[in-house]
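Everything on this sheet refers to the single structure shown next.
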Amino acid sequence: MKTRKPPVPAVQRGYRPSGRDYGYTNARIRGMRSRLLRQSFFDELMTSVDIGGVISTLMQTEYGPDLETRILHGRTATQVDEALRDNMVRTFNRVLSFSNKEATSLVNTLLGRWDLFNIKTIIRGKHMDLPVEDITDSLITVGQLSQVDADELAKQEDIRSVVDTLGTWGLPFAVPLREVLPEYTESEDLSLLELALDRYYYQWASKRLRGWRENKRIARDFLSAQVDTMNLLTAIRLLSADLPPEEATRFFVPGGKVVDEQLFLELSAMSDVDEVFARIKKTPFGKPLDRAALQYMEKGSVSVFERALEDYLFRIAFEASKEDPLGIGLTISYLWTKANEVTNLRIVVKGVSVGMPEGRMREELIVV
């Protein structure tokens, strides 16, 4: 077992502004943003007859160097997916390398969401006794955990070993997990571990984003939107559980601005989705979930709401640059738009490789 603490993203040599000067950082990001792929590119990519066509098209973009390295191991959908994730990690590290001190602190706080996602994915995989390869295929290491570290966690024998490894590395995520591990061991209720991680991360991040400065407010508002979407989705999932308030409240995660605990309990106690929509119609979630309601009537799957809320979050991030083009807003907007681009490319790669109809792939994409 390793005994070292995972390194933070590497910082390249060169000019690095200090303080709160965003001029240099934002000039660099505007140049990178101009190279993001347009919808017309995705339209062309979805017409590829096979994965070879996808590779040929992507080789003409900034993903080319990452593809060249990966396809040495085979011209497969798996290697293309790896290349896309490599590019995303490299791009995020590059942004951090030329960001000023304040931006680096704010971005690292928000990127903790990916560490949270990766640790939850690993724990979920261990809970379900999945093969290591199935777990690592879903990881995107743009936070403090490197790919090597995430792979090491995924190789651990069980959840207790994962928690012990996190503790050995000195990572604070081990603290909430250790507190609930005995209860999980007895009940095997995975939600105990996931809720402990969620509460810890969002409480930690909220503390780091306190303050009245505009850049902290923008980052804090984006974090709050993430908490709101999570609580709203949880409330929808609890509709059929018929839990008393004292039981439902344990699923609530503090930190949102719209869905407070009272609203969460009110929504989770409702009898159907129509009641939920009537209650949130006048909130910021009314419009983005309106179309999802129609899709839910057709498919009857809560996943349509999850997708709609992901779309909502990406749009909130995208709009951050308009709110504050001279501060942290542009960085948040670019990083989350880049993440959305990689997500969309992974959908197309998978779709083409399994022969998914173009219309179905188009439905899966989140276009901002």
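Of note:
- Those residues of segment 129-144 which are assigned to a loop (DSSP other than H, G, I, E, B) and polar (S, T, N, Q), in sequence order: Ser138, Thr141, Gln144
- Condition check for Arg160: without any contact (Cβ under 8 Å) to a residue 60 or more places away in the chain, farther than 25 Å from Thr78 by Cα, among the basic types (Lys, Arg) and surrounded by fewer than 16 Cβ atoms within 10 Å (Cβ to Cβ): yes
- Checking each residue in segment 63-77 for being free of Cβ contacts under 8 Å to residues at least 40 places away in the same chain, assigned to a helix (DSSP H, G or I) and not basic (Lys, Arg) picks out Gly64, Pro65, Asp66, Leu67, Glu68, Thr69, Ile71, Leu72, His73.
- Top-ranked residue in segment 189-204 [being of a type in the set (Ser, Thr, Tyr) and over 12 Å from Leu177 (Cβ atoms); ranked as nearest to the chain's Cα centre (by Cα)]: Tyr202
For every residue, the table says whether it meets (1) at pLDDT 95 or above; (2) small (Gly, Ala, Ser).
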residue	(1), (2)
Val107	yes, no
Leu110	yes, no
Leu130	yes, no
Asp134	no, no
Asp137	no, no
Gln147	no, no
Ser161	yes, yes
Gly170	no, yes
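- Residue match in segment 224-231 (condition: charged (D, E, K, R) and modelled with pLDDT of 95 or more): yes
- Against the criterion of being closer than 14 Å to Val352 by Cα and in contact with a helix residue (DSSP H, G or I) (Cβ under 7 Å, 6 or more places away or on another chain), Met59 does not qualify.
- Listed conditions (1) among the small types (Gly, Ala, Ser); (2) at pLDDT below 95; (3) over 22 Å from Ile140 (Cα atoms) are all met by Ser56, apart from (2).
- Top-ranked residue in segment 186-197 [being assigned to a helix (DSSP H, G or I) and in contact (Cβ under 8 Å) with a residue 12 or more places away in the chain; ranked as surrounded by the most Cβ atoms within 10 Å (Cβ to Cβ)]: Leu193
- Hey, Thr91 touching a residue at least 60 places away in the same chain (Cβ under 8 Å), in a helix (DSSP H, G or I) and under 27 Å from Gln144 (Cα atoms) or not: yes
- Residue-level analysis places Thr168 among those that are more than 27 Å from Arg94 (Cβ to Cβ) and in contact (Cβ under 8 Å) with a residue 60 or more places away in the chain.
- Single residue of Pro172, Pro176, Pro182 found to be in contact with a helix residue (DSSP H, G or I) (Cβ under 9 Å, 6 or more places away or on another chain) and either closer than 30 Å to Leu326 by Cβ or in a helix (DSSP H, G or I) (or both): Pro176
- Counting residues in segment 269-288 that are of a type in the set (Val, Ile, Thr), within 26 Å of Asp189 (Cα to Cα) and not in a helix (DSSP H, G or I) gives zero.
- Positions within segment 297-313 being surrounded by 12 or more Cβ atoms within 10 Å (Cβ to Cβ), in a helix (DSSP H, G or I) and either among the aliphatic types (A, V, I, L, M) or in contact with a strand residue (DSSP E or B) (Cβ under 8 Å, 6 or more places away or on another chain) (or both), in sequence order: Val304, Ala308, Leu309, Leu313
- Residues satisfying the stated conditions in segment 23-62, i.e. free of Cβ contacts under 8 Å to residues at least 60 places away in the same chain and hydroxyl-bearing (Ser, Thr, Tyr): Ser34, Ser40, Ser56, Thr57, Thr61
- Residue pairs meeting the criteria (Cβ under 8 Å; at least 6 apart or on separate chains; first under 18 Å from Ala339 (Cβ atoms), in segment 314-328; second at pLDDT 85 or above and not in a helix (DSSP H, G or I)): Ile328/Tyr22
- Every pair of residues 6+ apart whose Cβ atoms lie under 7 Å, when the first sits in segment 244-259 and is closer than 18 Å to Leu313 by Cα and in contact (Cβ under 8 Å) with a residue 24 or more places away in the chain while the second is hydroxyl-bearing (Ser, Thr, Tyr) and part of a helix (DSSP H, G or I): Val253/Tyr202; Gly255/Tyr202; Gly255/Ser206; Gly255/Ser224; Gly256/Ser224; Lys257/Ser224
- Only one of the listed residues (Leu265, Leu326, Leu294) is farther than 27 Å from Phe42 by Cβ, over 19 Å from the mean Cα position of the chain (by Cα) and surrounded by fewer than 16 Cβ atoms within 10 Å (Cβ to Cβ). That residue is Leu326.
The values are calculated or read from the model by the stated rules, or taken from the named source; none is laboratory data. Source: prediction; values computed, not measured. FYI the Cβ positions are ideal-geometry reconstructions off the backbone, even for glycines, and counts take in every protein chain you see.
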